[in-house]
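See structure below.
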Amino acid sequence: MKRGMIESWLRILLLQASWNYERLVGVGLAFSSEPLLRDLPGGKEGERYRTAMSRASQHFNGHPYLMGLAVGALTRTEHDEVPTETIQRLRTALAGPLGSVGDKLIWAGLLPACSAVALVLAVWISPVAAVVGFLVLYNLGHFALRLWGLSAGWSSGLRVAQRLGSPALKRGLRLAGPAAALCVGFALPIVAKWLLRHLDGHELIACGVILSVGFILSRWLWPTLGGNRFGLAAVVVALVLGVL
């Protein structure tokens, strides 16, 4: 294992704390890369170290859970004495794929799936079991992804694009959305039944009417309405009717 790899991985966990409007996660990229750059010729006082750190801290964006790929690949290019222009092109080429792959894999896959499992645990067991289950499942996934990304980036260097196109990652992207939809679809009736358990007949009819109105609006009359806005509007209407 490359010296400094563990410290670099731990720093990647703090990467989002460095986000700013000017460089996005560029400062966090440099902070995470620093342990892997210390043993460049000349050490921390050497010109190559200072140049590499300056380059690493420039503007960069990408999904935080896949930033290990960028950290590993870019630090490897510094050790391999890759020309500056090539390193800059690699930085530019990585930003888009890291963002899109991470969004599909995590925000549209892992996060909703773990949330749905947590909701089922809350209904079937207890809220404490839901919190523990969510934290264990979600963190197992994103910790493993961060660790794989750093190792794969370092071992690949300029060939890091091959890792983004690996069969395992493609399979994960293909299954992430359907898996999340399956988990959410399984959880919805269970949670709905639990939420409605104390309502009488008239209240259940009212819920059915609200559900039907929301479906008709979002499906045919107002496709851009969205669940959040409709839900807030329904709450406001319910409060007004309750007061009246």
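One table, with the values for the structure above:
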read-out: Rg over Rh, two decimals, segment 198-243 (C-alpha only, Kirkwood Rh); value: 1.02
read-out: Packing rank of 151-158, 199-206, 69-76, where each peptide gets the mean count of other beta carbons within 10 Å, highest leading; value: 69-76, 151-158, 199-206
read-out: Sorted by Cβ density within 10 Å, fewest first, the residues Tyr49, Tyr21; value: Tyr21, Tyr49
read-out: Spatial separation of Cα centroids for segment 2-39 and segment 87-126, in angstrom; value: 20
read-out: GluC sites (Glu not before Pro) restricted to segment 32-120 and DSSP loop, no more than 10 other C-beta within 10 Å; value: Glu81
read-out: Environment charge of Gly26, counting only residues whose C-beta is closer than 12 Å and scoring Lys/Arg +1, Asp/Glu -1; value: +2
read-out: Rounded to the nearest 20 debye, dipole of segment 5-187 from Cβ charges on Lys, Arg, Asp, Glu; value: 400
read-out: Cα pair count fraction exceeding 27 Å, expressed as % - the chain; value: 50
read-out: GNM flexibility winner over the chain from Gly226, Gly149, Gly28 (Cα, springs under 10 Å); value: Gly226
read-out: Segments 105-115, 50-60 sorted - mean Cβ within 10 Å per residue, highest first; value: 105-115, 50-60
read-out: Net charge contributed by nearby residues that have their C-beta within less than 15 Å of Arg38 (K/R +1, D/E -1); value: +1
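Every number in this text was worked out from the coordinates using simple rules, so none of it is lab data. As the structure is a computational prediction, the values presented were derived from the model and not from experiment. With ideal geometry, Cβ positions are generated from the backbone for all residues, glycine too; neighbour counts draw on all protein chains shown.
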